[in-house]
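First the structure, in the form of structure tokens, and then the observations on it.
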Amino acid sequence: MNRRAFLQSAVALAAVPPATSRLPIFTSVEYNMLPETVAIPERFQMAKDAGFERIECPTTSDPGDARKMKDAAVAAGIQIHSVMNMDHWKYPLSSPDPAVVEKSLDGARVSLHNAKLWGADTVLIVPAVVNAETSYRDAYKRSQESIRKLIPLAEELRVIVAIEEVWNKFLLSPLEFARYIDEFESPWIRSYFDVGNVVLYGYPQDWIRTLGPRIVKLHIKDFSWRKLVAKWVPLGEGDIDWHAIYAALSDIGYKGTATVELSAGDAPYLKEVNRRLNAILENRLAIG
């Protein structure tokens, strides 16, 4: 969908009557959704001006840039709530090569220190990648061994390591995801649940109820798979039952942050995304 069509489709949303109860959830945007062509302070200000309360930032290894991002967040009056770890795909924690695992752990440690500097309380981690070289069994065992090495630092910095389920052929059911988290027996290992990542093989509302209090953060995006071509689509224009998502989040009493993870765009686009996110939290999103 192009920008004009996306903004015009907002008319249907405006016609939906207001809900009686809004979920007590903070709205957040991914840093990478903000235009790369503007400077760091302007990107944070755009997020604030679009109506978002919080922002999720990527691993930033350069100390100067990390400090600029902290200062920009303070100046804009927006909280950095989470760090998107960046090295877990290129250097999987489930790799059979100890050097690769250590490289990944180094990146995760940078992310944890970023979080401490920024005042964020979570670091998102993709736990493993199953492929032709790494079996499911080995990915499970190796990733847990690797992540356990991060727990002492996470506890010291008081930053939660939040495990996300992604399209990595791993943690393919809510029961297994819950067990995987529980086996760490640590309050510093929780779930970062992505609503859009499970729709091809499950129902997000089922995952939410199964994971329950293990969920520390949410990613929000929409997905369409019933019209022959599977693709990411704007919020409310896919096949996710947002009313069911609202009910599940209400049932478990979730009170954290929901971060939209979509394509980048300009100021009007970001404002419309924020409006749709708020409509989800108010149980009145009826596009699609």
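The values are calculated or read from the model by the stated rules, or taken from the named source; none is laboratory data. Treat the numbers as computed from the prediction; the structure is a model and nothing was measured. Cβ: placed from backbone, ideal geometry, glycine included. Neighbour counts: every protein chain shown. Surface areas here come from the heavy atoms of the whole protein model, side chains and all, with no ligands, DNA or RNA. Shrake-Rupley method; radii C 1.70, N 1.55, O 1.52, S 1.80 Å.
For the pair Ser21 and Ala132, the difference between a 0.36 nm per residue extended length and the Cα-Cα distance amounts to 35.2 nm.
Over the chain, the Kirkwood radius and the radius of gyration, each from Cα atoms, give a ratio Rg/Rh of 0.96.
When peptides 25-35, 92-102 are ranked by their average number of other Cβ atoms within 10 Å per residue, the highest-first order is 25-35, 92-102. From the Cα gyration tensor of the stretch 118-212, with a ≥ b ≥ c the square roots of its eigenvalues, which class applies: rounded if a/c is under 1.5, or else prolate if a/b is larger than b/c, or else oblate? Here the stretch 118-212 falls in the oblate category. For the stretch 222-268, trypsin sites (Lys or Arg not before Pro) meeting the loop criterion (DSSP other than H, G, I, E, B) and having at most 12 other Cβ atoms within 10 Å: Arg226, Lys227, Lys255. The gain in end-to-end length when the Glu42 to Ser250 segment is fully stretched comes to 71.4 nm, 0.36 nm per residue minus the alpha carbon separation. Once a ≥ b ≥ c are taken as the square roots of the eigenvalues of the Cα gyration tensor of the stretch 180-262, is the result rounded (a/c under 1.5), prolate (a/b larger than b/c) or oblate (a/b not larger than b/c)? Because a/c hits 1.5 or more and a/b exceeds b/c, the stretch 180-262 counts as prolate. The modelled label-to-label distance for the pair Phe184/Asp239, using points 7 Å beyond Cα in the direction of Cβ, is 3.2 nm.
With contacts taken as Cα pairs under 8 Å and at least 6 residues apart, the stretch 52-94 reaches a relative contact order of 54 percent. Helix 242-252 axis versus longest C-alpha principal axis of the chain: approximately 50°, rounded to the nearest ten. Computed from Cα positions, the angle between helix 40-49 and the longest principal axis of the chain comes to roughly 50 degrees.
If a spin label sat at a point 7 angstrom from the Cα of Arg158 along the line to its beta carbon, the backbone N atoms of the stretch 92-122 nearer than 17 Å would be those of 112-122. The average projected area of the stretch 20-106, computed from the convex hull of its Cα atoms over all directions, is 7.7 nm². With every protein chain in place and a 1.4 angstrom probe, the accessible-area ranking of Asp222, Asp251, Asp266, largest first, reads Asp251, Asp266, Asp222.
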